1. Cut-off 10 angstrom, C-alpha nodes, Gaussian network model of the chain. Which of 221, 239, 190 fluctuates the most?
2. For segment 306-446, with only Lys/Arg (+1) and Asp/Glu (-1) charged at the beta-carbon, what is the dipole magnitude about the Cα centre, in debye rounded to 20?
3. Evaluate the charge dipole of the chain about its Cα centre and quote only its size in Debye, nearest 20, assuming +1 on the Cβ of each Lys and Arg and -1 on the Cβ of each Asp and Glu.
4. Explain nothing, just the number: dipole magnitude of segment 243-291 about its Cα centre with +1 on each Lys and Arg Cβ and -1 on each Asp and Glu Cβ, in debye rounded to the nearest 20.
5. Per DSSP helix of 4 or more residues, -39500 (n - 2.57); summed, then divided by the residues of the chain. What does that give at 222 nm, rounded to the nearest 500?
6. Just to be sure I understand: if I project the alpha-carbon convex hull of the chain onto a plane and average over all orientations, what area do I get in nm²?
7. Provide the per-residue ³J(HN,Hα) series for segment 60-77, in order, calculated from phi with Karplus coefficients 6.51, -1.76, 1.60 and θ = phi - 60°, each as a whole number of Hz, with x at glycine and proline positions.
8. Using a 1.4 angstrom probe, figure out how much accessible area the chain has per residue, in square angstrom, rounded to the nearest whole.
Amino acid sequence: MARKYFGTDGIRGLTNTRPMTAAMAMRVGMAAGAYFLRGEHRHRVLIGKDTRLSGYMLESALVAGFTSVGMDVVMTGPLPTPAIAMLTQSMRADIGVMISASHNPFADNGIKLFGPDGYKLSDEAEEAIEALIDSEVPLAPADGIGRARRIDDAQGRYIHAAKSTFPRNLRLDGLKVAIDCANGAAYRVAPSVLWELGADVVAIGVTPDGTNINDRVGSTAPDTLSETVVASGADIGIALDGDADRLIVVDERGRVVDGDQLMATIAAGYARAGKLKGGGVVATVMSNLGLERHLAAQGLGLVRTKVGDRYVLEAMRARGFNVGGEQSGHIILSDHGTTGDGLVAALRVLAEIVHAGAPASEVLHRFEPLPQLLKNVRFAGGKPLDAESVQSVIAGVEEELKGKGRLVIRPSGTEPVIRVMAEGEDPAQVEAVVDRICDAVRAAAG
């Protein structure tokens with residue numbers, strides 16, 4: 001069943017344009033609240049957000065929706081997505097909400113939902129909530145309307161939880177760490193965690209003004225961090241995205257290290273300590289073939305899923321893995337959390353560097369990736385991938401790459417674009433086949 005509002009990571013869109021309006025946020029609050037009104041206890045929802053200007057509006061609308069159906073609301077203010085997942089579980093809330101559009105520009109925003117166990121909702125739960133959004137939800141009687149309050153110690157709780165994942169026998173003394181918080185949700189907590197563990201911290205992207213989130217900073221724009229690392233003589237750079245569930249690293253030479261290399265590094269440390277579960281790593285179809293070959297050489301496996309950290313986590317839980325993630329930097333360490341956590345993943349990477357006593361450039365570049373190219377084709381409507389002309393080109397490319405590379409083509413779950421990715425041993429061939437498919441998609445899309 002095709003979902004109407006939810007994409008691969010909650011509901012997301014341009015603010016004040018349907019579905020990301022205050023009216024829709026209130027409907028989501030009413031629907032999600034009604035869905036989780038189970039049992040006779042006093043029901044509670046936890047709401048966090050990143051630093052977008054529109055967060056105030058959407059937070060107020062969600063509060064109105066939840067309280068109108070009888071749920072009490074606890075608001076944390078700006079806090080990373082993984083912190084909301086953690087606090088939802090620890091505070092015994094019935095539902096957790098994160099207001100964020102992750103790595104998107106400030107004008108976008110989104111609503112992510114977590115169940116009482118701290119995990120993102122299943123497709124079935126989201127479909128049920130969608131049905132309630134479009135129906136008449138019963139309102140609470142006047143004496144049953146929910147109450148709302150803010151808590152002041154949420155940041156401290158998350159800082160403590162994040163620090164507890166770092167090995168007790170290690171410290172970051174003597175390590176100069178540049179941290180880029182994308183002017184987003186982790187702008188206070190991430191530098192604090194690193195400083196408390198002993199690092200010499202150089203912080204950028206820590207002056208949010210409501211409109212500068214992800215603006216030339218953060219994990220999707222690592223050039224600023226690369227320049228900062230080199231200029232400051234830092235040993236390593238850490239880049240988070242707007243809601244801090246994604247991590248990209250820069251070594252001391254200013255070179256970017258993606259999620260595939262980070263998963264290989266973390267998996268190696270876990271395997272050395274006898275803590276790697278499942279016999280390998282779970283990643284998506286977008287992860288480089290070089291990662292798969294590298295893990296195989298270590299006697300480890302790679303399980304692939306469709307794109308989306310929720311699908312990675314589902315496979316991890318079903319198969320008993322504790323390391324998984326995406327090339328883009330969503331890394332899930334299920335021993336420490338129920339969703340991707342950029343800061344916790346960064347601490348595991350830092351632990352490997354401290355353990356090795358070697359520069360980041362030596363520790364983090366674990367394998368030589370195969371040439372890989374990803375291009376996006378924006379379209380106005382319809383289903384260009386279903387066109388016979390596009391299918392014919394794709395079939396020809398798959399035959400051409402057989403045994404020498406991979407092809408992944410998929411519509412984005414968060415915006416109207418078709419993502420075309422190819423990888424292989426010949427970079428010229430990779431570029432040629434990607435361009436050929438993109439041209440076919442553009443022609444079909446008009």
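The values are calculated or read from the model by the stated rules, or taken from the named source; none is laboratory data. Not measured: the values here are computed from a predicted model. All Cβ positions, even for glycine, are placed from backbone atoms using ideal geometry, and neighbour counts span all protein chains on display. Each accessible area value is taken on the protein alone, full model and side chains, heavy atoms only, with ligands, DNA and RNA left out. Shrake-Rupley method; radii C 1.70, N 1.55, O 1.52, S 1.80 Å.
1. Among 221, 239, 190, the largest GNM mean-square fluctuation belongs to 221.
2. Values: 16 positive and 20 negative charges, 81 e Å.
Here the size comes out at about 400 debye.
3. Roughly 800 debye for the chain.
4. It works out to roughly 260 debye.
5. Details: 14 runs with 164 residues, N = 446.
Here the helix-only value at 222 nm equals -11500 deg cm²/dmol.
6. 21.4
7. Those phi angles translate into 4, 5, 5, 4, 4, x, 5, 5, 5, 9, x, 9, 6, 10, 10, 10, 9, x Hz.
8. On a per-residue basis, the chain sits at 41 Å².
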